[in-house]
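The block underneath contains the structure these notes are about, expressed in structure tokens.
The values are calculated or read from the model by the stated rules, or taken from the named source; none is laboratory data. Since this is a predicted model, take the numbers as computed values, not measurements. Neighbour counts are summed over all protein chains in view; Cβ atoms, including those assigned to glycine, are modelled from backbone coordinates with ideal geometry. Quick note on the areas: whole protein, heavy atoms, side chains included, nothing else; ligands and nucleic acids left out. Shrake-Rupley method; radii C 1.70, N 1.55, O 1.52, S 1.80 Å.
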Amino acid sequence: MSSKTVKELDAMFNPKSVAIIGASNREGKIGNTIIKNMQNSNFPGKYYPINPKSEEILGYKAYKSVLDIQDEIDLAVICIPSKFCVAVIEECGKKKVKAAVIITAGFKEVGGEGRIRESEIQELGIKYNMRILGPNCLGLITNGNFSFASLTPKKGNIAMLSQSGAMMTGLLDWAVNNDIGFSAFISLGNKVDVDEVDFIEYLANDDNTKVIAAYIESVEDGMKFFKIVSAAAKKKPIILLKAGRSAAGAKAASSHTGALAGSDIGFELAFKKAGVIRADTISDLFNYALTFLIATIPKGDKFAIVTNAGGPGIVTTDAMDKEKLGFAQFSEETINLLKKKLPTESNFRNPVDIIGDAPPSRYEDAIEILCQTPNSEVAGMIIILTPQSQTKPILVAKKIAALKKKYTEKTFIGAFIGGVSVIEPMKILTKSGVPTYAFPEDSVKVLKGLTYYKELLEKPIITEKTVKKFNVNKDKVKKIIEDAKKDNRAVLLSYETSQVFESYGIKAPENRLVQTARDAAENAKEMGFPLVAKIVSPQIIHKWDIGGVVLNIKTPAEAKNAFISIMTNAERLGPRDARLIGVELQEMIIKENKLKSTELIIGMSRDPNWGPMLMIGSGGIYANYVKDVAFDLAYHFDREDAQKLLNQTKISKILEGVRGEPVSDIDGVLDILERLSQLVNDFSDIVELDINPCLVFEKKEGYSAVDIKITIKM
Amino acid sequence: MNKSKPIFLCSTKAGSGKTIIAIGMFLKFKEEGFKPGYFKAIGDAMDLRPKTKTDKDVNVITAVVARQFSKEEICPQFFNPGFFLDEILPEETPAVMAHIKDSFESMQNKTDIIIIEGNHNVNQYSAINLDDIRFAKEFNANVIICSPIKDDNDLNTVVSAFNYLKLNDVNVIGVILNGLSETAYVRIEKYYKPLLKDLGIEVIGGLKKSRQLEKPTVAEIIEAVEGDLICGNYIKVKNNLIDGFVIGAMGAESASSYLRRGVNQCVITGGDRSDIALVALDASTNLIIFSGNIHPARRIISVAEEKGVPLVVAPADTFTISEQLKKIHTHIQPNEIQLCKDEFDKYIDWDKIPK
């Protein structure tokens, strides 16, 4: 890592002098478009076109090299063939250019020479302490348009980042058409140096930026993301659209970015932990961005609906329920006030139906009554309008705008259903801090975004959370992992997994490895009965499926037969060339002897972006079919997180005790999750871990992690 | 030094590790001050194209171990095991035998002791009277039976081969058990040695499975699937070993679990499966084969270059490639010669071999 800081990005946001390397007089050339875009966007600084073959370009003196310029250069925009870029970056470094934007393609994305060039550029950036955007990007728009996009949007307060250049051009075109302004518009490209997280860190402290929105396909460094983004999200809303949600989308994204994408659930959890608002679609991204720009963050979590039409009121109620938004229950006082002002046919409870013939004054009355309630009763409202002959949408909009001005603490979201007659009212409302959409579902969604952000502001920053550390035997686990690696095994053997768990204070039954049937009989006799016998082979994942497990062994003779049977089955049904190390004997827990026994699955899979991801749910042989599982990232994971995670599963109800059954050892389960979190955070070599089943008994009898699999990174 | 009786390595079935033992033994004799020779009466001509005509084991031995001898001296005769009757009929055997004997005698004149590597199994070429029994007798050799042992069943084969050779008046000095798994290795001391001793069969050694010697190399795999290397430096990667194969036909998330468990694996998948390729590149992967000659996305090649993982495109479909890979027969590589000696020293009782 270099000693670079995001402060140095100032040279990209407020450059005073810009060298355009590859500038051209020829119409259609990128170097020509960029200068024209700079001119059209009224870039206030100095222009330094670089082209060895020209004396003057578009009215500016041209230079053969940046080294020929006398002045200091803040930013170099490079649009020359990739094979010349390394030399040019070296020149920029020597010239002490503060930042560079490499628009040129033909680097890592094409492999071979391109990949080598990109790493050379990366090294030069570090050597000369120069921040570099791109390569393979459209450029950026900050205090000037340093891109080759065909349009320049107006100035505004949304900062937009895009990993796709083509997406950026489309969005710009749309934004210009919809009169949306930006504080910055940045195409990220290959992210050789500066990535989305660096920009978020910079933009969080940028006064011109009120909202940060980004389209991303991959995240380079999950831990850096947590550290920076969670702090930035406290300062201003960050909305991310992450492409590749579906398996097919992830596949498409992987060939586009060359980045290994973790599961979508990993991104979902990480965004929640970091406090990012996730947009599902491009239109959601902008709806959120525009909403956050103008709307009031709710001061409570209960919302009302005011509508002049019953149907849309019900649709909105359904949408609020789906999004788990708090539905306001009015006090008797509020209901009486509404009764006094509204016609008797109205609905005085939530949703407040002021009926079809409602004139603007009726909207005003109903909204004002709700505004006068405490925030705990009604924090905000969705105001629905369907244009009917008495409605007068413009006047309604003006009344709402006035009320918004009067009651600044309340959150107003509009849902003006219609076409031509609601265009002007929507503009009035948007200008007054009331985000308004044509359909209630969009209004509900943005309101959900606002409440999500409100909750986020109330929570501590994830990186500042202290997590309890258990007293464990780390050295022993380290040794076990090292030995397995020496033995060329990615999978730990059963007796090793038992020792790993024991070292971290997680209870697992005793087991022994045997390598002949006679040994099985002798060891069984020493261990006592009943026992379970299982195949030990790193290549056999599903032991049951190949007849690799024998239960309820009650005599030495049965142990002997179990060994032979398991080894024969493994040979016959197991994978070709599977390494059969032997059979493990393990104490068998008889469920019938327990007052209560519940099978859980507890696991961990290391996400390539976000690190260890914990999982818990209903276990046993049907675990894959029941799919009652919940996930959370082990990053700063504590007991409260463990409880929340468990509560997301259906099996948690069973653990709490139903139909007169006693309460299970829930504390034990939470303890496993916490200790497991510490284990997988301590050892990044552990890439997968699976306990299935983990038998949980009634409170006094504890639990037993019966079948454990641990996979390590080779 | 007086001439010692030749040692004839006879196997119960193909893949018994005779070449490993022969190379180890050759080097050991050399170390002990002998002038050893190596002889293989009939080599494999699996592929009649000129560059691969000679037996691959013979190639390695002449190139690295016994460089003083020519390939012809070491191995005077080649047959294709599946079509040998197209090359020799029983009435031609005497002439072939005479030619083999000439070569053997020539070798004998130049050496103190000759290690003779027998046919693939004790019965091979019996139809033309050129089997191991014939050679052992003609060359007046002491025979060591080499046998791969997977489980107890293979022990029957060892005993049967011993009895068969004895019946034919061949002097058998013992057996070397080879390719022993973890459990089989435990069984040697516990069961096999006492049992064989009771039957009058001396156990000269038991070689544990050797990853390095039994796993195929990247070069062998590329040859087996007739693939083209599209990423990676052949010289650098050709000797890398492959410990296992994974067919990447499942979803990326399921694949992740399988691929993470693999070590030095070869992943076979479609060229359009960038998702699988990326998961494989993040795991312990030594080779990725893209089936159907479909090239992967440039981005994937770029990541593979960065990670140093070779990529190959092969013409066959994924299923056919997996079938082709099943048929791979591994051979000793020049860089594995010292390992053969180390294995020999570690697992063979040198005192039990008559000099």
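Only the Cβ atoms of Lys and Arg (+1) and of Asp and Glu (-1) were treated as charged; on that basis the dipole of the stretch B:218-326 about its Cα centre amounts to roughly 260 debye.
Averaged per residue, the stretch B:91-239 has 43 square angstrom of accessible surface, using a 1.4 angstrom probe with ligands and nucleic acids left out. Exposure check, 1.4 Å probe, all protein chains in place: B:F69 carries approximately 10 Å² of accessible surface. When a 1.4 Å probe is rolled over the protein heavy atoms, the share of accessible surface on the protein assembly as shown that falls to carbon and sulfur comes to 50 percent.
Within 10 Å of each Cβ in A:509-517, how many Cβ atoms from other chains are there, averaged over the peptide? Please list the in-between numbers first.
Numbers: counts 0, 0, 0, 0, 1, 2, 8, 5, 1.
Per-residue shielding by partner chains comes out at 2.
If you put +1 on each Lys and Arg Cβ and -1 on each Asp and Glu Cβ, how big is the dipole of chain A around its Cα centre, in Debye rounded to 20?
Details: 93 positive and 89 negative charges, 218 e Å.
Once rounded to the nearest 20, the dipole reads 1040 debye.
If a paramagnetic tag sat 7 Å from the Cα of A:E220 along the Cα-Cβ line, which residues of the stretch A:66-104 would have the backbone N under 14 Å from that point? Taking a point 7 Å out along Cα→Cβ of A:E220, the residues of the stretch A:66-104 whose backbone N falls under 14 Å are A:100-102. If we count GluC sites (Glu not before Pro) as exposed when they sit in a DSSP loop and have at most 13 other beta carbons within 10 Å, what is the longest stretch of chain B that avoids them all? Longest site-free region, per DSSP loop and neighbour criteria: B:33-225.
Looking at chain A, what % of the alpha carbon pairs are farther apart than 42 Å?
Numbers: 115997 of 254541 pairs.
Every Cα pair in chain A considered, those over 42 Å come to 46 percent.
Note on the stretch A:1-153: along the principal axes its Cα atoms extend 39, 32, 31 Å, ordered by decreasing extent. Compute the signed sum of charges (Lys and Arg +1, Asp and Glu -1) over the other residues within less than 9 Å, Cβ to Cβ, of A:D10. Residues close to A:D10 contribute a combined charge of 0. Distance between the 7 Å Cα→Cβ label points at A:K61 and A:K7: 3.3 nm. Per-residue surface analysis assigns A:W544 an accessible area of about 140 Å², computed on protein heavy atoms at 1.4 Å probe radius.
Please compute the per residue accessible area over the stretch A:595-712 with all protein chains in place, 1.4 Å probe, rounded to a whole number of Å². Display every interim value, and only then the final one.
Working: 4510 Å² over 118 residues.
Using a 1.4 Å probe on heavy atoms only, each residue of the stretch A:595-712 averages 38 Å².
How about the stretch B:126-202: which chymotrypsin sites (Phe, Trp or Tyr not before Pro) there are in a DSSP loop, with at most 10 other Cβ atoms within 10 Å of their Cβ? Each step should come with its number before you reach the end.
Working: sites: B:F135, B:F139, B:F162, B:Y164, B:Y185, B:Y191, B:Y192; in loops: B:F139.
Taking the stretch B:126-202 and a limit of 10 other Cβ atoms within 10 Å, no loop chymotrypsin sites (Phe, Trp or Tyr not before Pro) are found.
For GluC sites (Glu not before Pro), the sites in the stretch A:311-377 that DSSP calls loop and that have at most 15 other Cβ atoms within 10 Å are A:E323, A:E345.
In the protein assembly as shown, what percentage of the DSSP-assigned beta bridges are antiparallel, given to the nearest 5? If we restrict to bridges inside the protein assembly as shown, about 40 percent are antiparallel. Over 31 Å apart at the Cα level, from the set A:K98/A:K459; A:K94/A:K155; A:K299/A:K398; B:K71/B:K209, are A:K98/A:K459; A:K94/A:K155. Of the chymotrypsin sites (Phe, Trp or Tyr not before Pro) found in the stretch A:300-361, not one falls in a DSSP loop while having at most 12 other beta-carbon atoms within 10 Å. Under the rule of at least 5 residues apart or a separate chain, name every residue whose amide H is placed under 5 Å from the amide H of A:L161. It is A:I186, A:A213, A:A214, A:Y215, by chain and number.
At a 10 angstrom cut-off on C-beta neighbours, averaged per residue, how do the peptides A:407-420, A:638-651 rank from highest to lowest?
Most protected by this proxy first, the peptides run A:407-420, A:638-651.
Hey, for a label at B:K327 modelled as a point 7 Å past Cα toward Cβ, could you say which residues of the stretch B:57-86 have their backbone N under 15 Å away? Counting backbone N atoms under 15 Å from the label point, the list is B:81-83. Non-local lysine pairs in the stretch B:87-194, meaning eight or more places apart or on different chains, with alpha-carbon distances under 16 Å, amount to 5. Shielding value for B:294-305 is 5, the average number of Cβ atoms from other chains within 10 Å of each residue's Cβ.
Provide a whole-number value for the mean count of partner chain Cβ atoms within 10 Å of the Cβ atoms in peptide A:112-118. Working shown, then result.
Working: counts 5, 0, 3, 7, 2, 0, 2.
That works out to 3 on average.
Take the Cβ-Cβ distance between B:Y191 and A:E482 as r, set R0 to 35 Å, and report the resulting FRET efficiency rounded to the nearest 0.05. For R0 = 35 Å, the calculated efficiency reads 0.60. Are any of the pairs B:K208/B:K307; A:K554/A:K591; A:K191/A:K235 more than 26 Å apart by Cα-Cα distance, and if so, which? Result: B:K208/B:K307 exceed 26 Å.
The simple spin-label model puts a point 7 Å past each Cα toward its Cβ; for A:H542 and A:E120 those points are separated by 5.1 nm. When the surface is traced with a 1.4 Å probe over the full set of protein chains, B:T19 keeps roughly 10 Å² accessible. Shown is the FRET efficiency for A:N208 and A:L395, computed with R0 = 30 Å from the Cβ-Cβ distance and rounded to the nearest 0.05: 0.30. Computed over neighbours whose Cβ is under 13 Å from that of A:E120, the net charge equals 0, Lys and Arg +1, Asp and Glu -1. Straight Cα distances below 21 angstrom link A:K392 to the lysines A:K341, A:K404, A:K405, A:K427, A:K431, with same-chain residues fewer than 8 positions distant left out. Here the stretch A:474-591 is assigned +1 on the Cβ of each Lys and Arg and -1 on the Cβ of each Asp and Glu. Its dipole about the Cα centre then comes out at about 180 debye. Here the stretch A:595-712 is treated as a Stokes sphere of Kirkwood radius computed over C-alpha pairs; at 25 °C and 0.890 mPa s its diffusion coefficient rounds to 174 µm²/s.
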